[in-house]
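The values are calculated or read from the model by the stated rules, or taken from the named source; none is laboratory data. These figures come from a predicted structure and were not determined experimentally. Neighbour counts are summed over all protein chains in view; Cβ atoms, including those assigned to glycine, are modelled from backbone coordinates with ideal geometry.
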Amino acid sequence: MDLSQINPVLLIASLMVAATPILLAAIGELVVERAGVLNLGVEGMMITGAICGFAVAVESGSPLFGFVAAAVGGAVLSLLFVLLTQVALANQVASGLALTLFGLGLSSLLGQGYVGLKPPPTPRLDIPVLSDLPVVGPILFSHDPVLYFGIVVVAATWALLKFTRAGLILRAVGENHDAAHALGYKVVRIRVLAILFGGACAGLGGAYISLIRVPQWTEGMTAGVGWIALALVVFASWKPWRVLLGAYLFGGLTVLQLNLQAAGVAIPVEYLAMSPYVITIVVLVILSADKSRAPAALGRVFHATR
Amino acid sequence: MIVLEKRPQPSQFWSLATPIAAVVATMIFGGLLFAVLGKNPVEAIRTIFWDPLLGEFAFYYRPQLLIKGAPLVLIAIGLSLGFKAGIWNIGAEGQYIIGALTGAGVGLAFYPMESWIIFPLMVLAGALGGWAWAMIPALLKVKFGTNEILVSLMLVYVAEQLLASMSLGLLKNPEGFGFPGSRNLQQYDSAHNAELIAGSGMHWGVVAAMITVIFAYVLLNRHMLGFHIRLTGDAPRAARFAGVNPARLILFCLGISGALAGLAGLFEVAGPAGQISIDFNTGYGFTAIIVAFLGRLHPIGILLAGLLMALTYIGGEIAQSQMGLPAAAIQVFQGMLLFFLLALDVLTNFRIRLKTREVA
Amino acid sequence: MTILRRTLLATAAAATALGLAGGAMAQDKTKVGFVYVGPVGDGGWTHEHDMGRKAVEAEFGDKVETVYVENVAEGPDAERVMTQMALNGADLIFTTSFGFMDPTINVAKKFPDVKFEHATGYKRADNVSTYSARFYEGRAVQGVIAGHMTESNIVGYIGSFPIPEVIRGINSAYIHAKKVNPDVQFKIVWAYTWFDPAKEADAAKVLIEQGADVILQHTDSTAPHAAAAEKGGVITFGQASDMAEYAPSPRVSSIIDNWAPYYIARTKAVMDGTWASMDTWDGIGPGMVGIGEITDTVPAEVKEEAMALKESIASGEYHPFTGPLKKQDGSDWLAEGETADDGTLAGMNFYVEGIEGDIPQ
C-alpha cells in the first residue's frame, strides 16, 4: 500500500469529469421538482440523449451538434411525460418509470447502427499559461467546455430561483399550485417548461457519457446514473449549489474508491463500491436536522376546478 | 376548447373500459412500430398476446405466467399499501435481494441435513431479511425525518454489492470449482420451493401472492388499519385528528412491503431461480412499482396488472425468437402499453367536455 | 401430478418430432437457437457470439434457420426461453453465459432429442456439451508485449469480478511480462461489474494517473482505450472484439473471441448426425482465441517475440503455465517443466508469486 501514489490534483480533476453527467441531469430534475413535478424518467431521458447526441455527432462530425441534438432528444422524450402527467393527469411516479422503460428500449432501437463507432473528439480547453499552471491548471483550466457549461447551469439555476420573478413563480407553483393558479399564473404551462428543461439537461448528461466520458455507444450505457441523479436532488434538499457539492461527493467517492484499490489498500472492494451510497445516507441523516424540505406540491396532480 | 371535468364518482364503465381501450391502442401503435421494423404486425401482436394463452404450446406458457407474475404481485401489493398512505418505498429491489440472501443463507447453513422444518425457517428468514432492510429507511424517517425515497433507493445499490460479495464469498458453492454462485437449492430437497403440482407453475410463492391479495383486500376494506392508510393518503391532517399515529403507520407500511419483497426473493431463489448469483435480481422490485400503479393500488387490479406484465414478457420472448424482433422493440412496446394505460385512465375520473372559452 | 408431467414430456417429444417432420419437408432445415445474456449491441461478449451465429447462417445458407433471444436474465427466464426454443423445433441450442448452466441442464432433461451447448460451464449430460476458450493463452502474448513496452514498469489491469477466468488471465499476463521485464509491477483494479463503460473509463484513468503506461482489461467496453488515447503514451489491448478503431495506438493488439469455427462445426455435426456430448476448451491453436494484429507502435523485435510465443502456444509446444512457478504465498505450485492441469486452471483462485495485493473474497 502506498498512498503517495494517489495524486490529489489529478483526483480532483477526474472527479469533476465523473460528476458532470450526474450534475447535469440532477440540476434539470431539481427545476422540475421545484415546479412540483416528480419525474422518475431521468434514466430514460439520459440514455435517449446519449444516443441522439452520439448519432448526430457521428453523422455531422461535430460534437456541438451532438450536444444540441441530445438536449432536443431528451426534451422530446420528456414531452411524453408532459402528455401523461399534465394533459391526462396520470400518476407521476408510474409515468416516470414507464418513461425510463420506454427510453431504454427506444435508445437501443435507435442505436443499432452505432455500435463500435468512434465519435468525433470534443476539444478540451487549452489556455496558454493558465492550463499549464501547477495544481490550478489541471483542476480549473483544462476541461472540456461541457463541464464548465454544467457549472454555469447550476449558477444560472440558483440565480433564477433566488433573484428573478420567474423563479419566484416557479417556486410558488411548486409549493401551492392552487394558490398560484388563483393568482393567475399558468400552472400547467410553467410545469411543462420545467419538464422540458429537465429533459434537455438529462439528455445533455447522457451525451456527456457517450461523447466525452466513455466515449462510445453501447446499449444501456448509462447503467443507472439517472437514478443517482434523482437521489442527488433529494440529497441536495432542492438547492442548486448542494447539487454541485453532492455530485462532486459522489464522483469523488467513486474515483477515490478506484484510486485506493490501485494503490493497494486492502479494503474489500464490494464494501468500497457501496460506500458512496452508505455515506449519502449518513450525510442525509445529518442534514435532516436542517429544516429544508420538499416542495409542498411535489408529485400532486393539478387540475383547475374553475 | 377541450376541458376536463371531474366526475363526482369514478366511472364504473370507464374503469373497466380503459384497460381494454389501452390494449387496443397499444396493438395499433405497436403494430405500426413492428411494421416499420419490417415485421408482420398482425403476426407479432398475435404472438405476444395470443400464443402464451391459447397458442400451440400454451400448456407450457400458462403456468409460466404464474411463475413470472407471482413475485410482481407479491411485491406490488406490499408497495401499494404504502403508496396509498403516501409512504414511498421504491427500494423493493433491495429488500427482494436481502430476503433471498437471508432465506437462502438459512437453507444453506443446514446443508446437507434434510428436515421438513428447513423450508419454513427459510421463509421466515426471507421475510425477516426484507423487513429488516426496509426498517432502515423506516426508522430513519421516524427518528430523523429522512426521506424514505432516497434511503430505500440507495439501499438497493448497497444490497446489489452485498449480493455480489455473497456470491463470490460466503455463500459460494464449495463444490463449484471456484465459480461464483451458491449451491443450487433445487437440488436440495428440504430447501427447494418446488411446484406443488408438477407442470402447474404453482409454487409457494404463487400461493403466497394469492393469499396476500385476499389479505390486502380485507385489510383495506374491512379493517380499521386499512381505513387509516387510506385516510392518511387522502387527508393527512384529518388522519391525525382521527387518531392515526403516523410513526406507527410508516413502520407498518414499510415493514410489510419489505417483508413481502423479501418473501418474493426467497421464493424465487429457492424455486425458479435456484441459486444466489451475482445477477440474481432482475428488476422485479422496480417493475412492481409500475404494476402497483397499473393496478390502481387496488389488490384485484394489481393481480391483473401483474399477470398482464408477465404476459408481455413471455409473449415478447416468443416474438423475439420466432420473429427475430429485437428485445428493444419489446421494451418500447411495453412502454407504450404503460403509457396508454396511464393516459386513458383519465377517462375514469374525468369527463371530457367541449367548451367555448368563457370571458373571465 | 405425474400425469401432467408426462403429458408435458409427451407433448414436448411430439413437438420435436413434428418439428423434425416439418423440417424434413423443408429439406432438413436445421434450427439453431442462441440464448444471449446481454444485448447483441454490447460490442463485446454477446456481440461476438452473435457474429458466430451469423457465420453459421453464412456457412449453411438455406439449410439452417437460426433464432436468438437477447437480454435473457439468468434463472427462470433462461429456462423458459430455452424450453420455448426446444418446443418450437430447435435442434441445437447454444446458451452463452455461465449463469445458464443449471437451467440448461434442467431443460436438456426434458428434451432428450435436442442438443445443448453451454459456454463456460462444467456440467454436462448426454445431450449437453460445454465449450470455452483459453483466453489465458492470449493473455500470455499480451504479457510479453506489456513487459517490453512499459517504461514506468507499472501495468494496470482492470478486472471485472474476482473469478477463476479473470484471475487466470492476470496470472498468465503477469508471468510473461515478468519473464521479459523482471521489474514489472501489476496494479489491479476490480470494477465489480461486467458492464459499466463509465466506471471502466474511470478505472483506466485512475491506473494511468498512478503511473501505469500499459492497460490490460477484462471488461468489454472501449472506454479504457479512449482514456488512454486522451492521455497519450499509454498502450491498450482490445478485449473480446478487435477494437481496431483505436489502432495503431493506443490499441496495439487484442484478444478476439472467435466462436464461428466452433459453432459451424457443431451445427455440421448435428446435420450429419455425428453430434456427441463433449467438453471443448480451445485456444489459439484451433482459432477460438484470435490475436488481433500487432501494430507498428510495437517495435519489430518485440512483435517478433510475441508472434513466436503465439506460434509455440498454437502448436502446443509451449504451455503458458509451465513450472517452475510458485503461488503468491511462496509455496511451490509447479515444478521445473511441469505444466498446470486443466482442473487447477479451471478453478484458479490464487495469484502467482510476485503479484501484490489480495484477491477480494
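Of everything in the stretch C:151-168, what is in contact (Cβ under 8 Å) with a residue 40 or more places away in the chain and within 14 Å of chain B (Cβ to nearest Cβ)? Give them in sequence order.
Hits for the stretch C:151-168 are C:159, C:160, C:162, C:164, C:165, C:166, C:167, C:168.
For the stretch A:122-150, name all the residues that are out of contact with any helix residue (DSSP H, G or I) (no Cβ under 7 Å at 6 or more places or on another chain) and either part of a helix (DSSP H, G or I) or loosely packed, with under 14 Cβ neighbours inside 10 Å (or both).
A:123, A:126, A:127, A:128, A:129, A:132, A:134, A:136, A:140, A:145, A:148, A:149
Counting only residues that are closer than 22 Å to residue B:71 by Cβ and touching a His at 6+ places or on another chain (Cβ under 6 Å), how many does the stretch B:236-279 have?
1
Just the residues that are crowded, with 17+ Cβ neighbours inside 10 Å and outside any helix (DSSP H, G or I), please, taken from the stretch A:156-179.
Once the filter is applied, which keeps residues that are crowded, with 17+ Cβ neighbours inside 10 Å and outside any helix (DSSP H, G or I), the stretch A:156-179 yields only A:176.
Of all residues in the stretch C:118-144, which are crowded, with 24+ Cβ neighbours inside 10 Å and charged (D, E, K, R)?
Passing the criteria: C:137, C:139.
Yes or no: residue A:252 closer than 19 Å to residue B:154 by Cβ and more than 12 Å from chain B (Cβ to nearest Cβ)?
Considered against the rule, which asks whether it is closer than 19 Å to residue B:154 by Cβ and more than 12 Å from chain B (Cβ to nearest Cβ), residue A:252 comes out as yes.
Give the stretch C:145-155 a look and list any residue that's surrounded by fewer than 24 Cβ atoms within 10 Å (Cβ to Cβ) and not in a loop (DSSP other than H, G, I, E, B), or say none.
The answer is C:148, C:149, C:154.
Could you run through the stretch A:16-32 and say how many residues are surrounded by fewer than 24 Cβ atoms within 10 Å (Cβ to Cβ) and either more than 9 Å from every other protein chain (Cβ to nearest Cβ) or under 19 Å from residue A:296 (Cα atoms) (or both)?
Matching residues across the stretch A:16-32 total 1.
Just give me the residues in the stretch A:73-103 being among the polar types (S, T, N, Q), in a helix (DSSP H, G or I) and at the interface with another protein chain (Cβ under 7 Å from one of its Cβ atoms), in sequence order.
Correct list: A:95 only.
Considering only the stretch B:7-37, state which residues are modelled with pLDDT under 90 and of a type outside the set (A, V, I, L, M).
Selection gives B:7, B:8, B:9, B:10, B:11, B:12, B:13, B:14, B:15, B:18, B:19.
Residue A:102 - would you say it is among the aromatic types (Phe, Trp, Tyr) and over 30 Å from residue C:45 (Cβ atoms)?
no
Can we say residue B:152 is among the polar types (S, T, N, Q), surrounded by 23 or more Cβ atoms within 10 Å (Cβ to Cβ) and part of a helix (DSSP H, G or I)?
It is true that residue B:152 is among the polar types (S, T, N, Q), surrounded by 23 or more Cβ atoms within 10 Å (Cβ to Cβ) and part of a helix (DSSP H, G or I).
Per-residue answers, yes or no, for (1) assigned to a loop (DSSP other than H, G, I, E, B); (2) at pLDDT below 85; (3) facing chain B (nearest Cβ under 9 Å):
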{"residue": "A:201", "(1), (2), (3)": "no, no, no"}
{"residue": "A:210", "(1), (2), (3)": "no, no, no"}
{"residue": "A:246", "(1), (2), (3)": "no, no, no"}
{"residue": "A:266", "(1), (2), (3)": "yes, yes, no"}
{"residue": "A:276", "(1), (2), (3)": "no, yes, yes"}
{"residue": "A:280", "(1), (2), (3)": "no, yes, yes"}
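Is it true that residue A:222 is at pLDDT below 90, within 20 Å of residue A:146 (Cβ to Cβ) and outside any helix (DSSP H, G or I)?
Against the criterion (at pLDDT below 90, within 20 Å of residue A:146 (Cβ to Cβ) and outside any helix (DSSP H, G or I)), residue A:222 qualifies.
A quick yes/no check of all residues on (1) surrounded by fewer than 17 Cβ atoms within 10 Å (Cβ to Cβ); (2) in a helix (DSSP H, G or I); (3) among the β-branched types (Val, Ile, Thr):
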{"position": "B:20", "(1), (2), (3)": "yes, yes, yes"}
{"position": "B:56", "(1), (2), (3)": "yes, no, no"}
{"position": "B:79", "(1), (2), (3)": "no, yes, no"}
{"position": "B:83", "(1), (2), (3)": "no, yes, no"}
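In the list C:191, C:177, C:198, which residue meets the criterion of being assigned by TED's automatic domain parsing to the domain that holds residue C:224, touching a helix residue (DSSP H, G or I) at 6+ places or on another chain (Cβ under 6 Å) and closer than 19 Å to residue B:179 by Cα?
It is C:191.
Is it the case that the stretch A:120-133 has a residue that's away from chain B (no Cβ under 12 Å) and small (Gly, Ala, Ser)?
Yes; the residues of the stretch A:120-133 include at least one that is away from chain B (no Cβ under 12 Å) and small (Gly, Ala, Ser).
Exactly one of these conditions fails for residue A:94: (1) surrounded by fewer than 24 Cβ atoms within 10 Å (Cβ to Cβ); (2) without any contact (Cβ under 8 Å) to a residue 40 or more places away in the chain. Give me its number.
Here residue A:94 meets the rest and fails (1).
Residues to consider are C:330, C:354, C:316; find the one that is surrounded by fewer than 18 Cβ atoms within 10 Å (Cβ to Cβ) and closer than 18 Å to residue C:135 by Cβ.
Just a single option satisfies the conditions, and that option is C:316.
Give A:66, A:44, A:96 a once-over and let me know the one that is out of contact with any helix residue (DSSP H, G or I) (no Cβ under 6 Å at 6 or more places or on another chain) and not aliphatic (A, V, I, L, M).
Within the list A:66, A:44, A:96, the selection yields A:96.
Given (1) within 18 Å of residue A:205 (Cβ to Cβ); (2) in a helix (DSSP H, G or I); (3) in contact (Cβ under 8 Å) with a residue 24 or more places away in the chain, where does residue A:64 come up short, assuming only one miss?
Checking residue A:64 against (1) within 18 Å of residue A:205 (Cβ to Cβ); (2) in a helix (DSSP H, G or I); (3) in contact (Cβ under 8 Å) with a residue 24 or more places away in the chain, the one that fails is (3).
Taking the condition of being within 11 Å of chain B (Cβ to nearest Cβ) and out of contact with any Asp or Glu (no Cβ under 7 Å at 6 or more places or on another chain), how many residues in the stretch C:95-118 meet it?
The number of residues fulfilling the criteria is 5.
Would you say residue C:183 is free of Cβ contacts under 8 Å to residues at least 40 places away in the same chain and crowded, with 22+ Cβ neighbours inside 10 Å?
no
From A:76, A:56, A:82, A:129, grab the single residue that is at pLDDT 90 or above, farther than 27 Å from residue B:293 by Cβ and β-branched (Val, Ile, Thr).
A:56
Pick from the stretch C:333-360 the residues that are farther than 29 Å from residue A:273 by Cβ and of a type in the set (A, V, I, L, M): which of them is nearest to the other protein chains (Cβ to nearest Cβ)?
So, considering only residues that are farther than 29 Å from residue A:273 by Cβ and of a type in the set (A, V, I, L, M), the one nearest to the other protein chains (Cβ to nearest Cβ) is C:340.
Filter the stretch B:1-16 for residues that are touching a residue at least 24 places away in the same chain (Cβ under 8 Å) and either more than 12 Å from chain A (Cβ to nearest Cβ) or in a strand (DSSP E or B) (or both) and give the result.
Once the filter is applied, which keeps residues that are touching a residue at least 24 places away in the same chain (Cβ under 8 Å) and either more than 12 Å from chain A (Cβ to nearest Cβ) or in a strand (DSSP E or B) (or both), the stretch B:1-16 yields B:1, B:2, B:3, B:4, B:5, B:6, B:10, B:11, B:14, B:15.
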